[in-house]
Every structure is written in structure tokens, then in C-alpha cells.
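J.: Before I ask anything, let me first share the structure, which is written out below as C-alpha cells.
Every number in this text was worked out from the coordinates using simple rules, so none of it is lab data. Keep in mind it's a predicted model, so treat the numbers as computed, not measured. Using ideal geometry, Cβ is built from the backbone for each residue, glycine included, and neighbour counts are taken over all protein chains shown.
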């Protein structure tokens, strides 16, 4: 702890205080500022920085500095208040941890299931709702209702439904003469159960965004397609999807980045690891390192790996969107 | 803005819908959707509210009862006092509206300064703020926690104080982005007119910019409150004391050993305030959320 504070000061000086000092050295902006006297320009500048100081301090303390510290800590180890530089050792520890690949597998599984269910379902719902001339407001409110629940209410409610003995879902399966499931208690169904609960709680947000995007699709395109005798599916494929592509790809990226950071649903539904470690995600592993084993170095190293992987997704998105234009 | 015009052309033409076969299909699909959606989205909520009225045995009964046999409103009372829901709800509101106030003051001021006062290094600071959008929040949890544990330079421990929740929410690149872009669209003429009349930047912000910015302030406010309302891992780490926890963490940590029917009643109560707010302001909330996320 004590040794890391040295690096604080350095980081802080770099980000927070450089702006007022720089203001004296560099000339002001053109036009109106050029006409103003030096003193007035300085005053105006100081005033502007006074407006920014609250946000800059908050960014500095809670965003910029932790970013720098994240990288530094990945290469450090703190034992009994003594911090030492250990180089790549933390990354090696994390890489060789038997839980490393299962955590990534579980995270990928969550992301993939969430894409199949959570990405497709809201889009289909939005397309169907957009066709309705009646009851649209009612359906819209219904879809959005679960989003307004505090996450704990939705998640614990689903935990109750998933109970193999008295849960609602097994009653329904029993009623339909289908085989009952162990849901969260079996390693083969635990993750999909988590995704179903998560999708129920969040589908409304994406649905509303898609609905708004669908309403911007020009109607003439559909009319032209009708004249050409296009069918329903070909209209969706050739008009609806291309017309909403910017929103779709943005949501896709946002969803991948969000689901790769899954923690809350897994933690509340299965306690984190789940049966035979079938639901422990990467963020859960970070949490374990930091707050169970007090190994902040390993936690940071794993965080750094995550940053690189997710950064890859962002880069991929940037390239895809540039190519499609 | 032509969004809500009734005759907007969609996938299926009005002519196709007016044919007898089209009408039949339309009404079948519509009624099926209404039934399925009601079951899927309202059903669990009904199960939650009715479960709160059931006795401890009835809630675990197999097969279950659709209606509580002998409704017991007392369960709600037990849940209210045993899980300290009033306290937890108050904490949640306290954190949410505190975070909102700090974000409105600091982020609006900063975005205004960057957009309209254009200080030296303003663009660099803007770039650094927007760069934080690229960093996944979960990556920073650990260093952020250590920062809050011992604030650099000041050496203050914020754990267990509301500051640990309020201040980090200000560091929100998305707010800065939304606000700055909105302020950019306010004509420069207005600003110079105010300056000629001798208005200070603060006065201009208060009397000219803010009244024009109501829509974007609404979006930022909804996001600010919803984010605190939805957050889990961060408040769990920085509020270890159950008396200070928001509802998400409090119910979970107090739920151990509580009978299932009491827990369900507690969940129903905790869901009530936001559901009520949502039903009252659903138009504003839904349009605000979509507008904000689309433009992002």
C-alpha cells in the first residue's frame, strides 16, 4: 500500500495539474480571443478551467488514475504492506491458474447465449410490434416493465422460479408433460438459465431502441419492394436489416462488451461459480482474486488481459463499421 | 419526429391488411402476442405479488396455487420490518439523487466550458474524458476500489460513505459526450449576445444554456438515476455496512435465513416504487432512454 502511493503523485501531476500551467504558455484561440488583452484571455481561461475542475478531479481520481494504476499493479505484488515489482509473474500466475480457461469458456458461453437469445429476441419483438396498429403501447410497456425492477428483485424471483422442487418452471414443464430440469443446479443448464433470466430483465431496453430505429425506415422502400413482388422475409432481409444496420451493429458491440463483463446475475443466481464451476465468469475470477484471496496483483493482471480482449472487440467494430460505409 | 404518425408505412401494406385473409392473420397474431406477452412479462410479477400473500408452506407447495388460499397481508409487514426495506429504499434514493446532483453540476459545467468557453487544452481534456468510454468498467473495479480506500494525495478513506458512490459517477464520459454535443448545437450568436449584454459565463449558462437544454438534461438525469439503481458490484464493495446499503445489495445480504414468502414479499415491495414511477412517467422515460442510447 505505502509504496504504491509514490506512483499516485506522479500520475496525478501528469493529468490534473498540467492544464492551468499550460494555459500561460500557449497562445489563446483565434478571432475574438486574439483581440482580447492578455489579462482578459487569462481570466477567461481560468474561469473555464474553474468550470471544469469538479469533473476533471472526479475523472482524475476515479478514472484516469485507476487506469494507470491498473497497469502498474499488474506487474506488482503487495505482501504485508510491502510492494515489489514482479514483472510478468502475475500474468503467468493468472495464465497458469486452472480456473483461467474455464472462466473464459463460461464468459464466452454467456456472451454467445446472450447474443442468440438476447440480441435476436428483442429485434424480432420490435419487428412484430412495429406492425401492430392496436395495443402497441400496452405491449411496449409490458416488455419494458422488467427493466424497471431493481435487478435483485428480478434475479431472486427467477431463483425462486428455477427451484427444482417447488419452482414455477418445473410446475409448468410438469403440466405440459415435459421432463423437469435441474436449472441452476446442473452444470449443463445453469448458464442458459442465467441467460434466460438476464434476457427477461433487459430485453425491453433493446426492443425500444430497435422500435425507434424501425420507425425511421422509409416506407417507400417497402412499397417499391411490394411492386417487385418481394415476400415478407426478403423484405426484412433486404430492407429492414440494412436500414437498421448502424443501430444493430452498435447494439451488438455494446452487448458483447457488456455481457463479457457479466457478474451480477451469475453472482446472485449461482453464487458465482455455480455447479462444477459452470458459471464462474472472468469478472467473477477478478473479484475472487481481489476480495477473497487478497491478490490485487493477479486481479489487475487478469483485468489487463480482459482489457486487451475487449479492446480487440472495439477495434473489430471500428474496422467493420468503416468497411461497411 | 414522424415516429408516432398512425399511417406510417411498415413491412406489410395497409391494403394487404384490409383483405379478409390479412385481417384474420393480423388479429390472430395480435391476440396471440398480447396473451403471450402478458404471461411472460406480467406473469412473473403477478406470481411475485401473490406469492407475498401466501403462507410459508403454501409458497413452497407442489402443485402451486394460482391464488393465495388465505391471503396474509401480514407477510408484507414482516418483510418491511425484517429486511429494513424503508432504510434500504431511502439509501437507494439518497445515492441515486446525490449522484444525479453531482453529475448535473460537474458534468454540465465541464461540458459547457469545453463547448462554449473553449479553454486551452480543452480538447485534450475532452479527448481524455471520451477515452474512458473505451475502458470496460469491470476492468477498473480493483484499482478504483483501492483508490476509494485511500484517496491519493488526500489519504481519505471513502468506504462506507456516500461519496464512494456519488463521486465516481461524475467520471462518466457518456454524459460529457451527450452534453457537449448538445451545447455545440446552441448558436454562437446567442452566446455573444449575452456576452455583449455583460452576462458572465455562469449567468449565460444559467439563464440561456440550461433552459434550452431541458431535453438532454432529462436524458442525463434518467441515466444517472437508473445507473445507481441498477448497479450491484460497486455498491457491494464500497458499502459493507447493511444499514448503508442500497436495495440491491441490502436485500441480498439480509435474505439469508429469511422464509421464502417473506423474501418474495420484500422483492415485491422493492419493485413497487420504480414500477409506479415508470407507469406514471412511462412516455418520458421510454423516449428519454431510447434517445440517449441511440445518439450515443
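J.: Return the single residue from A:182, A:198, A:299 with maximal mean-square fluctuation; model: Gaussian network over chain A, springs between Cα atoms under 10 Å.
T.: Highest fluctuation of the listed residues: A:182.
J.: Which of these, A:271, A:231, A:303, has the largest mean-square fluctuation under a Gaussian network model of chain A (Cα springs below 10 Å)?
T.: The residue that fluctuates most here is A:231.
J.: Applying 1/(1 + (r/R0)^6) with R0 = 45 Å to the Cβ-Cβ distance of residue A:224 and residue B:130, what FRET efficiency is obtained, to the nearest 0.05?
T.: Efficiency, from the Cβ-Cβ distance: 0.65.
J.: If I stretch the segment between residue B:243 and residue B:19 completely, what's the gain in nm (0.36 nm per residue apart, minus their alpha carbon distance), one decimal?
T.: Between residue B:243 and residue B:19, full extension yields 74.3 nm more.
J.: Percent relative contact order of chain A, based on C-alpha pairs within less than 8 angstrom and at least six residues apart?
T.: On the way: 317 pairs, mean separation 76.2, N = 325.
Normalised by residue count, the contact order of chain A is 23 percent.
J.: Once you sort the root eigenvalues of the Cα gyration tensor of chain B as a ≥ b ≥ c, which label holds: rounded (a/c under 1.5), prolate (a/b larger than b/c) or oblate (the other case)?
T.: oblate
J.: Tell me, A:178, B:179, B:202 in order of fewest to most beta-carbon neighbours within 10 Å?
T.: A:178, B:202, B:179
J.: Further question on the same structure: So how do B:163, B:234 line up by other beta-carbon neighbours within 10 Å, fewest first? Intermediate results must be reported in sequence, preceding the final value.
T.: On the way: B:163 16, B:234 20.
Least to most surrounded, the residues fall as B:163, B:234.
J.: Calculate the FRET efficiency for residue B:192 and residue B:214 from the Cβ-Cβ distance with a Förster distance of 25 Å, rounded to the nearest 0.05.
T.: Numbers: r = 23 Å, r/R0 = 0.91.
That pair, residue B:192 with residue B:214, gives E of 0.65.
J.: Here is a follow-up. What shape does region A:69-181 take by its C-alpha gyration tensor, where a ≥ b ≥ c are the square roots of the eigenvalues and a/c under 1.5 counts as rounded, a/b above b/c as prolate, and the rest as oblate?
T.: Note, shape of region A:69-181 comes out prolate.
J.: Something else: Per-residue Cβ counts within 10 Å, from other chains only, averaged over B:244-257: what number is that? Mind dumping the intermediate values first?
T.: On the way: counts 0, 0, 2, 4, 7, 1, 1, 4, 6, 0, 0, 4, 0, 0.
So the per-residue partner count for this stretch is 2.
J.: OK, next. Relative contact order of region B:84-254: what whole-number percent is it, with Cα pairs under 8 angstrom and at least 6 residues apart?
T.: Taking the mean separation of contacting Cα pairs over the length of region B:84-254, I get 41 percent.
J.: Also: Relative contact order for region B:56-177: what is it in percent, counting Cα pairs under 8 Å that are at least 6 residues apart?
T.: Over region B:56-177, the number comes to 31 percent.
J.: Once you order the gyration tensor axes a ≥ b ≥ c over the Cα atoms, which shape class does region B:148-264 get: rounded for a/c under 1.5, otherwise prolate or oblate by comparing a/b with b/c? Mind showing how you got there, number by number?
T.: Working: a/c = 3.91, a/b = 2.18, b/c = 1.79.
Note, shape of region B:148-264 comes out prolate.
J.: When the helices in chain A are scored as -39500 (n - 2.57) per DSSP H run of 4 or longer and the sum is shared across all residues, what 222 nm value do you end up with, to the nearest 500 deg cm²/dmol?
T.: Per the formula, -21000 deg cm²/dmol.
J.: With chain A treated as a Gaussian network of Cα nodes joined by springs under 10 Å, which of A:148, A:201, A:285 yields the largest mean-square fluctuation?
T.: A:148
J.: Please report, for the Cα atoms of region A:95-324, the Rg to one decimal and the Dmax as a whole number; what are they, in angstrom?
T.: Taking only Cα atoms of region A:95-324, I get Rg and Dmax of 20.4, 67 Å.
J.: Based on the Cα gyration tensor of the protein assembly as shown, what are the three equivalent ellipsoid semi-axes, each the root of five times an eigenvalue, rounded to whole Å and given largest first?
T.: Working from the Cα gyration tensor, I get semi-axes of 42, 34, 24 Å.
J.: Given the C-alpha atoms of region B:10-78, compute the convex hull and give its volume per residue in Å³.
T.: So the per-residue hull volume is 134 Å³.
J.: Also, quick follow-up: Would you order A:282, B:225, A:121 from fewest to most other beta-carbon atoms within 10 Å of each residue's own beta-carbon?
T.: Lowest to highest Cβ neighbour count: A:121, B:225, A:282.
J.: In deg cm²/dmol, rounded to 500, what helix-only [θ] at 222 nm does chain B give when every DSSP H run of at least 4 residues adds -39500 (n - 2.57) and the total is split over its residues? Before the final figure, lay out the partial values.
T.: Details: 17 runs with 187 residues, N = 296.
Result for chain B: -19000 deg cm²/dmol, rounded to the nearest 500.
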